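Structure, as structure tokens:
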Amino acid sequence: MLQRALGSGWGVLIPGVVLTALGFVGLSAETWKGLVVLGLLLTSTMIWHQQWRHFVLLPSAIALISGMILMMMNLKLMG
């Protein structure tokens, strides 16, 4: 049941809420870059694991949302 739920919107909603909360804390750009790298590494690791393959949307959403927050931070600094 949990696998089916995380395969849908929950797999993006859960990391989105957590990372949005972290966005209000005021993490540095280096920390966000680390979250992007961690999400990408976990995604590539989880693709090859038999049981974790069903939850691959969680770390990929972490990488995507962290990258989007990092881009917004860079746009704020430029403008």
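Principal-axis analysis of the Cα atoms of the chain puts helix 57-78 at an angle of about 10° to the longest axis.
Could you put Ser28, Ser60, Ser44 in order, starting from the residue whose Cβ has the fewest other Cβ atoms within 10 Å?
Numbers: Ser28 9, Ser60 20, Ser44 12.
Exposure proxy ranking, most exposed first: Ser28, Ser44, Ser60.
Each helix, a run of at least 4 DSSP H residues, gives -39500 (n - 2.57); summed and divided by the residues of the chain, these come to -27000 deg cm²/dmol at 222 nm.
Read the figures in this text as sums done on the coordinates, not as results from a lab. Owing to the predicted nature of the structure, the values given are computational and were not obtained by experimental measurement. Note that each Cβ is placed from the backbone with ideal geometry, even for glycine, and that neighbours are counted across all protein chains shown.
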